[in-house]
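Report on the structure given below.
Taken together, the values in this text are just the output of simple stated rules run on the coordinates, not laboratory data. Nothing here was measured: the structure is a model prediction, and the numbers come from that model. Here the Cβ positions follow ideal geometry from the backbone for every residue, glycine too, while neighbour counts run over all protein chains shown.
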Amino acid sequence: MTDTVNINIDEAVLIGQCRRGDSSAMERLIIRYQNRIYNVILKICGNTDDAAELTQQTFVNAIENIREFQSRSSFYTWLFRIAVNLTLNYCKRHVRLGVRSLDSLTGENNDEGSRALRAVLYDKNCPDPAVVAENKELCELVLKAIMKLDDDQRAVVVLRDIEGMNYTEIAEVLKVELGTVKSRLSRARSNLREILEVILK
């Protein structure tokens with residue numbers, strides 16, 4: 001509990017310093033969150049160059065608007081909201097490039113992962129496919145399948161099943177109702193399962 005309190009106090013101090021134009025405090029906040037922000041953006045947009053650019057823009061926007069942060073939500077939720085909104089808007093304006101065809105995932109290099117994933121799909125007692133992405137053998141198959149979801153569904157799967165955010169945090173990030181998060185996640189998982197079933201036939 002003490003560590004969490006210290007982290008929150010330290011973060012509040014850094015945010016206060018950022019509001020006063022302290023560049024070193026801004027740098028510390030960027031270092032603290034840049035990897036998580038980049039990874040989330042990459043899993044939504046699927047392109048490393050785009051992800052790097054969008055990560056940079058996320059922090060530019062955050063720094064420019066730091067005075068608007070009111071502490072009603074956690075700072076990282078506020079930051080994720082900026083990142084996800086930027087990325088979804090970008091995806092809607094541009095055709096995503098560099099995503100390999102799912103057909104290429106059934107080659108011999110993925111045989112072991114394919115067999116394991118097939119076992120998951122046809123066992124009703126197993127968790128949803130996105131959850132098993134923690135398994136190293138399945139990670140590439142699942143992440144590539146996630147890229148086939150539409151932007152809104154992909155975002156909610158990434159935030160819930162990969163980032164581990166709770167429904168309330170996701171609703172805050174995406175600026176939607178709690179019920180919308182749950183229904184969107186349910187549809188996304190169902191669609192993800194169907195995509196994975198197709199590539200494993």
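Full extension from Lys92 to Gln56: what is 0.36 nm times the residue separation minus their Cα-Cα distance, to one decimal in nm? Display every interim value, and only then the final one.
Numbers: separation 36, 0.36 × 36 = 12.96 nm, distance 1.90 nm.
Full extension from Lys92 to Gln56 adds 11.1 nm.
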What order do you get for 160-169, 146-155 when each peptide is scored by the mean count of other beta carbon atoms within 10 Å, highest first?
-> 146-155, 160-169
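Pairs to check: Lys43/Lys182; Lys43/Lys144; Lys148/Lys182. Give those whose C-alpha atoms are more than 18 Å from each other in this structure. Mind dumping the intermediate values first?
Working: Lys43/Lys182 20 Å; Lys43/Lys144 9 Å; Lys148/Lys182 20 Å.
In this structure, Lys43/Lys182; Lys148/Lys182 exceed 18 Å between Cα atoms.
What FRET efficiency would be calculated for the residue pair Asn166, Asn39, taking the C-beta separation as r and a Förster radius of 25 Å, to the nearest 0.05?
Details: r = 18 Å, r/R0 = 0.74.
About 0.85, to the nearest 0.05.
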Sequence order, the range 40-45: Karplus ³J(HN,Hα) from phi using 6.51 cos²θ - 1.76 cosθ + 1.60, θ = phi - 60°, Hz rounded, Gly and Pro as x, gives 5, 4, 4, 6, 8, 9
Ser183 versus Asp22: modelled label distance in nm, points set 7 Å from Cα along the beta carbon direction = 4.6 nm
